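I have placed the structure first, in the form of structure tokens, so that the comments after it can refer back to it.
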Amino acid sequence: MKDKFDDFFLNNDFDINEPHSGHEDRFLRKLSRQQKSRRRISWTWMSAAASILLLVSFFLGKYTTQENQVHSIFPEMAETETFFVNTIAQELTEIEKYRNIETESIIEDALDQIEELEDQFQNFKKDLKVIGNEKQIIKGMINNYQQRLQILEHLLFQLEYIKNPNKQNDNNNEFI
């Protein structure tokens, strides 16, 4: 066993010289730069994750409180509402992947439009409680959900275009 160690140390050329002056300072500077850059990345990632979580919880929270109210008045709406709320949540999660400084204003404008539609939806719910099982109100509620999805889909197309301006729309064979 001792022979193997002796052979190893004799056959390998180890650097036994002192490092150049200032080596420790350079090493510490590089180390601190790496730590700072890691912190920035993690905060960016954390803020994006927090935004996604906030949006999804906002819409799902509103959905759960609305669900019991609307479903007690019109039980057949439960399946339709579940579909739209889940689809909207998926679209919002997809949109949050594109959130950056360039796209922030576009995303916020679309979310403002969705909030307006949410207010309109609350009015539909009030009308439904007062008037009762009125088909026009229910159609308005479904149309409201469809408008929200259209806004989100249009926003996704805009974000895709910003990401890749040369991408063509396959449906219309024209640029987005």
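The values are calculated or read from the model by the stated rules, or taken from the named source; none is laboratory data. Note that this is a predicted model, so its numbers are computed, not measured. All Cβ positions, even for glycine, are placed from backbone atoms using ideal geometry, and neighbour counts span all protein chains on display.
Quick notes
- For the residues Leu128, Leu117, Leu159, the requirement of being out of contact with any Leu (no Cβ under 7 Å at 6 or more places or on another chain), of a type in the set (A, V, I, L, M), part of a helix (DSSP H, G or I) and modelled with pLDDT under 85 singles out Leu128.
- Within the stretch 102-117, tally of residues that are of a type in the set (A, V, I, L, M, F, W, C) and closer than 14 Å to Ser51 by Cα: 2
- The stretch 117-151: number of residues that are surrounded by 13 or more Cβ atoms within 10 Å (Cβ to Cβ), more than 20 Å from Glu79 (Cα to Cα) and of a type in the set (D, E, K, R): 1
- When Pro75 is tested against (1) part of a loop (DSSP other than H, G, I, E, B); (2) within 25 Å of the chain's Cα centre (by Cα); (3) modelled with pLDDT under 75, just one condition goes unmet, and that condition is (2).
- Among the residues making up the stretch 81-111, none is farther than 17 Å from Phe157 by Cβ, in contact with a Lys or Arg (Cβ under 9 Å, 6 or more places away or on another chain) and part of a loop (DSSP other than H, G, I, E, B).
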